[in-house]
Amino acid sequence: MYMIDLMLMLIGVLILILGVLIGTAFLVLMERKVLGYIQIRKGPNKLGFMGVIQPFSDAIKLFTKEMIYPYYSNYLIFYFSPVLAFAMSLLIWFVIPYYFNLVSFNLGLLFILSCLSFGVYSVMVAGWSSNSNYALLGGLRAVAQTISYEVSLAIILLSNVVLVMSFNLVDYTMFQSKIYFFMVMIPLSLCWISSMLAETNRTPFDFAEGESELVSGFNIEYSSGGFALIFLAEYSSILFMSLLFVILYLGGFELSFYFYMKFVFISFLFIWVRGTLPRYRYDKLMYLAWKSYLPISLNFLLFFLGLKIFFM
């Protein structure tokens, strides 16, 4: 019986990874189409019906190209850091509160925070190992950005934890059966959306790969498979952060059409912001993180703690 359970769990994990990869492919297609319409052009529309097969042909192209290695790079580390980034972005998905035999444990939020913190090491090492100045600058920027944002990100999460008094994602669904947490903490949820953009290295906070000054930053030397893995890691973390937002603020996890609509809308928000806003200045990002989001999140945390003690 134990072996059957393990086999079922393994099959569930494989189906999950396959689903995430296919979802990532279509998120890329949606981004290219939406950006196309924002810029009054078509986007991919030749392959298949309205360009549906485009992501798969891109994947085949990327993984069959020759991979170029800089002569002075630290070969093994350079080779494995995209693999590490991709593995960490997939590992987080195992704690989503499914209704069947996958991993669901009581410290899910702590596990998510740990994986998100660990993800920045792959970017830093990728930037350092290629032995290129631009790539190193991109890696350093990514580290500084992550340190700045994860402090307020964790404290925003703590406000939710104080309200629910649990790290298990299943409990957030039960607590939002009457009212969404978004209604209770609108400023915090908006700070969380902004922090999500910074956490996933997206416009207007994509300083690690700022084309205008760093020529694509930490992934400047990567081509073919390495670049594809970094790309997949970024987009699967976008999907995950969208899902986490829906679980924490918009009613929790439920297998319904309405849930998927909310999920797709938050993913669309990432693309909408990219098509609308210009890149921030780097010192302004630090100012925003330390002087705006940190005080706001700390004050809200104290407020919810006070509420909790008052009503106990």
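The values are calculated or read from the model by the stated rules, or taken from the named source; none is laboratory data. Predicted model only: the values in this text are computed from it and were never measured. Glycine also receives a Cβ, built like all others from the backbone with ideal geometry; neighbour counts cover every protein chain displayed.
Right, PHE265: surrounded by fewer than 15 Cβ atoms within 10 Å (Cβ to Cβ), part of a helix (DSSP H, G or I), at pLDDT 85 or above and under 20 Å from the mean Cα position of the chain (by Cα) or not? Answer is yes for this residue. Among residues that are out of contact with any strand residue (DSSP E or B) (no Cβ under 8 Å at 6 or more places or on another chain), at pLDDT below 80, over 30 Å from VAL170 (Cα atoms) and among the aliphatic types (A, V, I, L, M), ALA228 is not included. Taking segment 82-186 as the region of interest, the helices (runs of 4 or more DSSP H) fully inside it that hold 1 or more residues being at pLDDT 85 or above, small (Gly, Ala, Ser) and touching a helix residue (DSSP H, G or I) at 6+ places or on another chain (Cβ under 6 Å) are 133-164. Here is a check on your reading of the model: is ILE112 among the hydrophobic types (A, V, I, L, M, F, W, C) and closer than 25 Å to LEU229 by Cα? Criteria met by ILE112. Has segment 42-63 got any residue that is in contact with a helix residue (DSSP H, G or I) (Cβ under 8 Å, 6 or more places away or on another chain) and hydroxyl-bearing (Ser, Thr, Tyr)? There is no residue in segment 42-63 that is in contact with a helix residue (DSSP H, G or I) (Cβ under 8 Å, 6 or more places away or on another chain) and hydroxyl-bearing (Ser, Thr, Tyr). Is there a residue being crowded, with 22+ Cβ neighbours inside 10 Å, at pLDDT below 90 and over 29 Å from SER177 (Cα atoms) anywhere in segment 274-293? The answer is yes; a qualifying residue exists. In the condition set (1) surrounded by 14 or more Cβ atoms within 10 Å (Cβ to Cβ); (2) in contact (Cβ under 8 Å) with a residue 60 or more places away in the chain, LEU29 is compliant with all but (2).
Of the residues in segment 47-57, not one is at pLDDT below 85, in contact with a Lys or Arg (Cβ under 7 Å, 6 or more places away or on another chain) and not in a helix (DSSP H, G or I).
When ILE40 is tested against (1) among the β-branched types (Val, Ile, Thr); (2) part of a helix (DSSP H, G or I); (3) without any contact (Cβ under 8 Å) to a residue 40 or more places away in the chain, just one condition goes unmet, and that condition is (2). Filtering segment 153-180 to residues that are surrounded by 15 or more Cβ atoms within 10 Å (Cβ to Cβ), among the hydrophobic types (A, V, I, L, M, F, W, C) and farther than 18 Å from SER297 by Cβ leaves LEU169, VAL170, PHE175.
Determine whether segment 282-305 contains at least one residue that is of a type in the set (D, E, K, R) and touching a residue at least 60 places away in the same chain (Cβ under 8 Å). No - not one qualifying residue is present in segment 282-305.
For (1) of a type outside the set (D, E, K, R); (2) within 18 Å of the chain's Cα centre (by Cα); (3) within 17 Å of ILE96 (Cα to Cα), each residue gets a yes or a no:
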site: PHE240; (1), (2), (3): yes, yes, yes
site: LEU248; (1), (2), (3): yes, yes, yes
site: LEU277; (1), (2), (3): yes, no, no
site: LYS284; (1), (2), (3): no, no, no
site: SER292; (1), (2), (3): yes, no, no
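Applying the set (1) surrounded by 13 or more Cβ atoms within 10 Å (Cβ to Cβ); (2) closer than 22 Å to LEU243 by Cβ to GLY19 leaves exactly one unmet item: (1).
Pairs linking a residue in segment 111-132 that is without any contact (Cβ under 8 Å) to a residue 60 or more places away in the chain to a residue that is polar (S, T, N, Q) and surrounded by fewer than 19 Cβ atoms within 10 Å (Cβ to Cβ), with Cβ atoms under 9 Å and 6 or more positions apart or on different chains, are VAL125/ASN74; TRP128/ASN74; SER129/SER73; SER129/ASN74. Has segment 37-51 got any residue that is closer than 18 Å to TRP272 by Cα and of a type in the set (A, V, I, L, M)? Yes, there is a match, as at least one residue in segment 37-51 is closer than 18 Å to TRP272 by Cα and of a type in the set (A, V, I, L, M). Within segment 58-79, residues that are under 17 Å from LEU47 (Cβ atoms) sit with their Cβ atoms under 9 Å from residues that are β-branched (Val, Ile, Thr) and surrounded by 11 or more Cβ atoms within 10 Å (Cβ to Cβ), at 6+ positions apart or across chains, in these pairs: ASP58/VAL28. Annotation: ILE68 fulfils all but one of (1) among the aliphatic types (A, V, I, L, M); (2) modelled with pLDDT under 80; (3) more than 18 Å from TRP128 (Cα to Cα); the unmet one is (3).
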